[in-house]
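The values are calculated or read from the model by the stated rules, or taken from the named source; none is laboratory data. Note that this is a predicted model, so its numbers are computed, not measured. With ideal geometry, Cβ positions are generated from the backbone for all residues, glycine too; neighbour counts draw on all protein chains shown. What goes into the accessible areas is simple: the full protein's heavy atoms, side chains included, and nothing from ligands, DNA or RNA. Shrake-Rupley method; radii C 1.70, N 1.55, O 1.52, S 1.80 Å.
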Amino acid sequence: MMATERKPLLLDFEKPLAELATRIDQIRELADENGVDVSGQIRQLETRATELREEIFSSLTPSQRLQVARHPRRPSTLDYIQSISDEWMELHGDRCGGDDPALVGGVGRIGGQPVVMLGHQKGRDTKDNVARNFGMATPGGYRKALRLMEHANKFNMPILTFIDTPGAWAGIEAEHQGQGEAIAYNLRQMFCFDVPIICTVIGEGGSGGALGIGVGDRLLMFEHSVYTVATPEACAAILWKDAAKSPQAAIALKITSHDLKNLGIIDQILPEPLGGAHSDPLTAATNLKQALLENLDELNRFTASQLRQIRYEKFRRMGVVTELAH
């Protein structure tokens, strides 16, 4: 994790917090210049700042949560892997002539247990985002992921996937290379693996691009992450021919962790530090590691056939509804 001080990137709804922080700094400066003790007033303002932050982040709208999930400094797959793993070696290539930087993976250890870890990787800045195609994987990326998962299955290593993409790359070249087939093949094969699979939505989980590495025995999701069949902007453009109605679409799509937990889509919500994972990446990584180890401990008790059955039943339950007669 980067430990250097950087100017914070504020979201629109965080501006009141920034104004309060500026006021506290100004009071400190004036007190230092005039030799006045204002520690009591500063403590009150700091308490108010904490309360205000709690108020804001406990009542975020779905579209605001989407902003947090897309925050440019939100921890990425590689950030988490480097923080939670005892050892880590990245592996490259899809064995078909390519290596997609938008989807990374490799072998490592977590809690002393060998695992295969893989996930979408967004860039840290504009140049890196362009190089990694903003975390939108090509067919080669999903074939690389499948190669790594088959390696894990062969050597009896659990699979940990980290989802953070607006969607699979939808360019003409990707379609020529079989984007739909690559994702569909991953879906089928992930149901067949004999080892535990834990998937975690760490940021933005979008469409088939997320599902391509999203079939597992457990689906975890960070508190301020989102998981959706299509971006709210795309949904609004399709339904209302107006992308400006994306906040309305975000509500209708049920994209938040709490909505999806209530619907039975995800299994566990991972708490984030106050202010989002980007405000304290190390604490977010600690929460993730603890949840992964706990779930691995449970899943390791099942046989291969039991894991496949649990996985099958988990996805069969999705979308089941009860209609009440009027």
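Tally up the carbon and sulfur contribution to the accessible surface of the chain as a whole percent, 1.4 Å probe, everything protein left in place.
Carbon and sulfur atoms account for 53 percent of the accessible area of the chain.
Classify the stretch 161-275 as rounded, prolate or oblate from the Cα gyration tensor: take a ≥ b ≥ c as the square roots of its eigenvalues, call it rounded if a/c is under 1.5, otherwise prolate when a/b beats b/c and oblate if not.
Values: a/c = 2.13, a/b = 1.06, b/c = 2.00.
Cα axes put the stretch 161-275 in the oblate bin.
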Revision key, fill the gap. If every Lys and Arg gets +1 and every Asp and Glu gets -1 at its Cβ, then about the Cα centre the chain yields a dipole, in debye to the nearest 20, of 920
Practice item. Starting at the first residue of the stretch 130-136, write each ³J(HN,Hα) from the Karplus equation 6.51 cos²θ - 1.76 cosθ + 1.60 with θ = phi - 60°, in whole Hz, x for Gly and Pro. Key: 5, 5, 9, 6, 6, x, 9
Point to revise | Farthest positive-ward along the stretch 111-232 dipole, Cα basis, beta-carbon charges - from GLY167, ASN156, VAL195 | key: ASN156
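Quote the charge dipole size of the stretch 165-255 about the Cα centre in Debye, to the nearest 20; the model charges only the Cβ of Lys and Arg (+1) and of Asp and Glu (-1).
Its charge dipole is roughly 260 debye.
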Practice item. Go through VAL226, ALA236, HIS176 and say which Cα lies farthest out towards the positive end of the charge dipole of the stretch 163-255; charges sit on Cβ, +1 for Lys and Arg, -1 for Asp and Glu. Key: ALA236
Exercise for review: Might you report the magnitude of the Cβ-based charge dipole of the stretch 149-194 about its Cα centre, with Lys and Arg at +1 and Asp and Glu at -1, to the nearest 20 debye?
Suggested key: 180
Review point. Which one of ASN300, ASN287, ASN186 has the biggest mean-square fluctuation once the chain is modelled by GNM with Cα springs under 10 Å?
Key: ASN300
Check your understanding: With each run of n ≥ 4 DSSP H residues scored as -39500 (n - 2.57), what mean residue ellipticity at 222 nm is computed for the chain after dividing by its residue count and rounding to the nearest 500 deg cm²/dmol?
Key -> -14500 deg cm²/dmol
Study note, to complete from the structure: Given backbone amide H placed at 1.01 Å from N, residues whose amide H is under 5 Å from that of VAL201, ignoring those fewer than 5 places away on the same chain, are ILE163, LEU220, MET221, PHE222
Study note, to complete from the structure: Going residue by residue through the stretch 53-59, the Karplus relation 6.51 cos²θ - 1.76 cosθ + 1.60 with θ = phi - 60° gives ³J(HN,Hα) values, rounded to whole Hz and with x marking Gly or Pro, of 4, 5, 4, 5, 7, 8, 10
Point to revise | Highest-first arrangement of 147-153, 102-108, where packing means the average Cβ count within 10 Å | key: 102-108, 147-153
Exercise for review: Output the peptides 49-56, 218-225 sorted from most to least packed, where packing is the average of other Cβ atoms within 10 Å over each peptide's residues.
Suggested key: 218-225, 49-56
Point to revise | Area accessible to solvent at THR303, 1.4 Å probe radius, in Å² | key: 70
Check your understanding: How high is the relative contact order of the chain, in percent, counting Cα pairs under 8 Å that sit 6 or more residues apart?
Key -> 15
Point to revise | Heavy-atom accessible area order for THR61, THR228, largest first, 1.4 Å probe | key: THR61, THR228
Review point. What residue among ARG70, ARG308, ARG28 has the largest mean-square fluctuation in a Gaussian network model of the chain, using Cα springs under 10 Å?
Key: ARG28
Point to revise | Most positive-pole-ward Cα, THR61, GLN113, GLY276, against dipole of the chain from beta carbon charges | key: GLN113
